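What follows is a single structure, written as structure tokens, with notes after it.
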Amino acid sequence: MKRLLSGIKPSGDLNIGGYGGALRQYVKLQHDYESFFFIPDYHAVTVYQDPKELHERTRDVAALYLAAGIDPGRSTIFLQSQVPAHTELGWLLETQAHFGELKRMTQFKEKSEGKDVVSSALFTYPVLMAADVLLYQATHVPVGDDQKQHLELTRDVAERFNKRFGLTFTLPEPIIQDIGSRIMGLDDPGKKMSKSNPNQNSCVLLMDSPDDIRRKFSKAVTDSEGQVRHDWEQKPAVSNLIEIYSVFADEEIAVIERRYEGQGYGVFKKELAEVVIQKLLPIQDKYRQLVDSSELDRILIDGAKRAADVASDTLLAAKKAMGFVTF
Ligand code: ATP
Ligand code: MG
């Protein structure tokens, strides 16, 4: 049975980068895999989170999972902090991960750059991520391009553990889609669109109003060529906008290029905004119905139970393999 695990941190308001690179894929993949979609709230706190905001955003992400189309009857949806096996296995795996390999993680370098202090959890977070994946014996992990290196670390740590203590963990494969795996900021196509980017004009949020979406796309940087043409080398900003269009309209890039041939950026950006709005409005409506509902609580409580059943088996196997006394 093919099994999948993935999640989006409640570290900020969800944007179309997370939708294109993660959520949209989740909705499709749940039909082909036994799926676990979790909310990595313990990962979010590797950088400071205001407690009230963390609380609200955790519910937001869960409600958006459902609103976007993840089916709780088919997939398991749960909060990481509700399943203690994650931090327990995380600790065990920290004994297998190397300081040197964690130092090479580019995301740590990016997120710690220019900061006076960073938490030690930000440094070890990829090991907790390895635990997240390995606990469920996931065969596949859908990720954006930025998480590829962390998944390689997961495989390395699992392989090391298996060699030393006997076969315990399944080695997971990444699923990285061609289009939408790396949606860049609207103000700077050299930087990934990210929840923790404080520049509001760089991201379109899933909960933005139609007017905000129109304004943000109209301000998005382009280039001076004036042609809607996909070419990451020469035209990164326009290529990014075309990919966003492709993700939201579910259309091939070539079809989009042909449609806007000779039309300039004004019309293209206007219609891009409408394509995104049309996709987001029904998701926003469902989100509002769900976010404060007891149905959401029930789904998360039930999900944590189902997740804990699977996770506790793996944790016990890992502890036994390492020689801990278990009863
Ligand atoms: P943070 O800035 O706090 O790290 P984030 O926006 O990077 O937040 P994550 O929760 O770290 O979001 O990532 C959730 C998933 O979304 C991951 O699989 C990640 O690869 C994917 N993802 C995040 N940003 C993008 C993006 N701009 N384009 C495509 N995929 C993305
Ligand atoms: Mg991230």
Practice problem: Name all residues of region 165-201 having a backbone nitrogen under 19 Å from the label point set 7 Å from the Cα of E53 along its Cα→Cβ direction, giving them as ranges. | Solution: 193-201
Practice problem: Would you please give the residues with an amide H less than 5 Å from that of D231, counting only those at least 5 places away or on a separate chain, with H modeled from the backbone geometry? | Solution: S239
Exercise. Evaluate the distance, in nm, between pseudo-label points positioned 7 Å from the Cα of F324 and of W232 along their respective Cα→Cβ axes.
Key: 4.1 nm
Quiz item: How much length is gained on full extension from S224 to K115, taking 0.36 nm per residue of separation minus their Cα-Cα distance?
Solution: 35.7 nm
Quiz item: Restricting to the chain, what percent of DSSP beta bridges are antiparallel, rounded to 5?
Solution: 20 percent
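Give, as a single signed number, the net charge of other residues whose beta carbon lies under 13 Å from the beta carbon of R182, with Lys and Arg counted +1 and Asp and Glu -1.
On the way: positive: K148, K191, K192; negative: D145, D146, D178, E243.
Net of charged neighbours comes to -1.
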Exercise. State which helices in the chain qualify, where a helix is a whole DSSP H run, it must extend 18 Å or more along its own axis by its Cα atoms, and its mean Kyte-Doolittle hydropathy must be at least 0.5.
Key: 120-135, 236-249
Exercise. About the Cα centre of the chain, how large is the charge dipole given +1 on each Lys and Arg Cβ and -1 on each Asp and Glu Cβ? Please answer in debye to the nearest 20.
Key: 540 debye
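Assuming a strict under-27 Å limit between Cα atoms, what lysine pair count do you get for region 257-327 once near-sequence pairs (fewer than 8 apart, same chain) are dropped? Intermediate results must be reported in sequence, preceding the final value.
Numbers: K269/K279; K269/K286; K270/K279; K270/K286; K286/K305; K305/K319; K305/K320.
Taking region 257-327 as the scope, the lysine pair count is 7.
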Quiz item: Computed FRET efficiency, Cβ-Cβ of A254 and L171, R0 25 Å: what is it to the nearest 0.05?
Solution: 0.10
Quiz prompt | FRET efficiency estimate (nearest 0.05) - Cβ-Cβ, R160 to D285, R0 35 angstrom | solution = 0.15
Quiz prompt | Accessible area in square angstrom per residue, region 200-288, 1.4 angstrom probe | solution = 50 Å²
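Count neighbours as other Cβ atoms within 10 Å of each site's Cβ, and list the trypsin sites (Lys or Arg not before Pro) in region 99-152 that are DSSP loop with at most 14 such neighbours. Display every interim value, and only then the final one.
Working: sites: K103, R104, K109, K111, K115, K148; in loops: R104, K115.
Passing both the DSSP loop test and the Cβ count: R104, K115.
Report the charge-dipole magnitude of region 200-288 in Debye, nearest 20, computed about the Cα centre from +1 at each Lys and Arg Cβ and -1 at each Asp and Glu Cβ.
Values: 13 positive and 16 negative charges, 76 e Å.
Roughly 360 debye, rounded to the nearest 20.
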Exercise. Would you work out which of A254, V267, H43 lies farthest towards the positive end of the dipole of the chain? Charges go on Cβ: Lys and Arg +1, Asp and Glu -1.
Key: H43
Exercise. Quote the relative contact order of the chain in percent (integer), defining contacts as alpha-carbon pairs under 8 Å separated by 6+ residues.
Key: 23 percent
Quiz item: So for the pair E152, K103, with labels modelled 7 Å out along Cα→Cβ, what separation do we get in nm?
Solution: 1.8 nm
Practice problem: Using just the helices of the chain, give the 222 nm mean residue ellipticity in deg cm²/dmol: DSSP H runs with n ≥ 4 each add -39,500 (n - 2.57), and the total is spread over all residues, rounded to 500. | Solution: -16500 deg cm²/dmol
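If you add up the charges near V228, with Lys and Arg at +1 and Asp and Glu at -1, over every other residue whose beta carbon is less than 15 angstrom from its beta carbon, what do you get? Each step should come with its number before you reach the end.
Working: positive: R229, K235, R258, R259, K269, K270; negative: D223, E225, D231, E243, E251, E252, E257, E261, E271.
Result for the neighbourhood of V228: -3.
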Quiz item: Using a cut-off of 20 Å between alpha-carbon atoms, which lysines can reach K109, once sequence neighbours fewer than 8 places away in the same chain are excluded?
Solution: K9, K148, K191, K192, K195
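The values are calculated or read from the model by the stated rules, or taken from the named source; none is laboratory data. Here the structure is a predicted model, which is why all the values come from computation and not from measurement. Virtual Cβ from ideal backbone geometry, glycine too; neighbours counted across all protein chains shown. Ligands, DNA and RNA are stripped out before the accessible areas are found, and what is left, the full protein with its side chains, is counted by its heavy atoms. Shrake-Rupley method; radii C 1.70, N 1.55, O 1.52, S 1.80 Å.
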